[in-house]
C-alpha cells in the first residue's frame, strides 16, 4: 500500500476520497487549509495536517516527506464573484508549486482534480472526449487548463481528471438547488426538458481516483462521467423517487420558462437548466475503470440520504 497526501481533504470530494483510501489500507496524510477542522472527522490512523491558504506561498516539503503519491483536490470552486487573478493563483500557480516540490521530494505520481470546465463552456455543441479541443469560457476553466498544461510539462507522472458536475449528499451549487426544488410538495415545470447532461456520482469519481493510483510512470488526461447522460426531467424524477414521491412534472414549453427567467434577470439559470452537456468517459473505461452505470438509482439514493438529514 502507498502513503498518500490528499490536499483539500475536508472538502466534498476530499472527505470521501480520504475515507475510501484509508479503508483500502493506504496510509493517508489529509491536508486541509487550516486546523482545527471541526466538520471533518477523518478515519482512524489518518494524519491530518494543514497546508495554509493557497493564494500565499506554501512550504510543501514537510507534507511530502515519505509520500508516494499526491491527490490534489484543493482549489477554488466554480463560483461567481472570484477575480481571475485569484483563480490563477490558487488553481494554477499553487498547483505547479506543489508539483515542483513533489518532483524534488521523489513523489512517484500526482493526480490532479481538474474540471470539465477546463475543456468547455456550459453548453458545448459536441459530445466531449479527451480529443475535443479545450475551449474554456471563464476564468475558472482557464485556470484549470493552465494548471493541466504546466503539469504535463513538469516531468512528474500525472493523471488529470476532468469530472462533469458531481452529485452526492453534500453537493453544492446547481445540483443542490435542484434537490431543494425536488423536495418541494408542488408540481415542477420540467416535464418537457429532454436536454441530456452528464453527471458523475461521488462514488464513481472516488473509484476513478483509486483506479489511477494503480497506474505508474505515464501521464494521462481523462474525462470522468457516469456512462449514461440524463435529462433534467429524469434527474428530478430520480430525486423525487428517492424521496418517496411521484415525479409530478408538468410539460411547460421550455421557451416560456426561458422568457420568464430572462425577464427576472436569471438568464444564467436558464442556461444551466436547458443546455446539453454530454461527456464520454470511454477512454477511462477502456483503461480499466468500472463505474456504477445506474445514474438514476444513484440519484435516488442520494436524495434518500439527503432527505434523512445528511445533505441538509
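Just a few scattered comments:
- Helix 139-152 vs. the chain, principal-axis angle (Cα, 0 to 90°, nearest 10): 40
- Full extension of the chain between residue 83 and residue 1 yields a length gain of 25.5 nm, computed as 0.36 nm times the residue separation minus the alpha carbon distance.
- The tail of the calculated P(r) for region 47-109 beyond 19 Å holds 33 percent of all Cα-Cα pairs.
- Calculated mean residue ellipticity at 222 nm for the chain: -10500 deg cm²/dmol, from DSSP H runs with n ≥ 4 weighted as -39500 (n - 2.57), summed, divided by the residue count and rounded to 500.
- Based on Cα contacts under 8 Å between residues 6+ apart, the chain shows a relative contact order of 17 percent.
- FRET efficiency, 1/(1 + (r/R0)^6) with R0 22 Å, evaluated for residue 287 and residue 68 via beta carbons: 0.60
- Between the Cα long axis of helix 254-263 and the first principal axis of the chain there is an angle of about 70°, rounded to the nearest 10.
- Region 123-226: Rg to Rh, with Rh as the Kirkwood radius over Cα pairs: 1.03
- Based on C-alpha pairs under 8 angstrom that are at least 6 apart in sequence, region 3-163 has a relative contact order of 21 percent.
- Remark: spin-label model distance residue 275-residue 97 equals 3.1 nm, labels positioned 7 Å along the Cα→Cβ axis.
- Against the chain, whose longest principal axis is taken from its Cα atoms, helix 94-105 shows a tilt of about 30°.
- Distance cut-off 28 Å, percentage of C-alpha pairs in the chain lying past it: 40
- DSSP-defined beta bridges in the chain - what % are antiparallel, rounded to 5: 5
- Projected area, mean over directions - region 1-150, Cα convex hull, nm²: 9.7
- Computed lengthening from residue 177 to residue 59, 0.36 nm per intervening residue step minus Cα-Cα distance: 38.7 nm
- Cα-projected label distance for residue 304 with residue 259, points at 7 Å along beta-carbon direction, nm: 4.2
- The modelled label-to-label distance for the pair residue 35/residue 268, using points 7 Å beyond Cα in the direction of Cβ, is 3.7 nm.
- Translational diffusion of region 211-261, µm² s⁻¹ [Kirkwood Rh, Cα pairs; Stokes-Einstein; 25 °C; 0.890 mPa s]: 164
Quick note: the coordinates plus some simple rules give every number you see, no bench work behind them. Everything numeric in this text was worked out from a predicted model, so none of it was measured. A quick note on method: Cβ atoms are made from the backbone with ideal geometry, for glycine too, and the neighbour counts reach across all protein chains shown.
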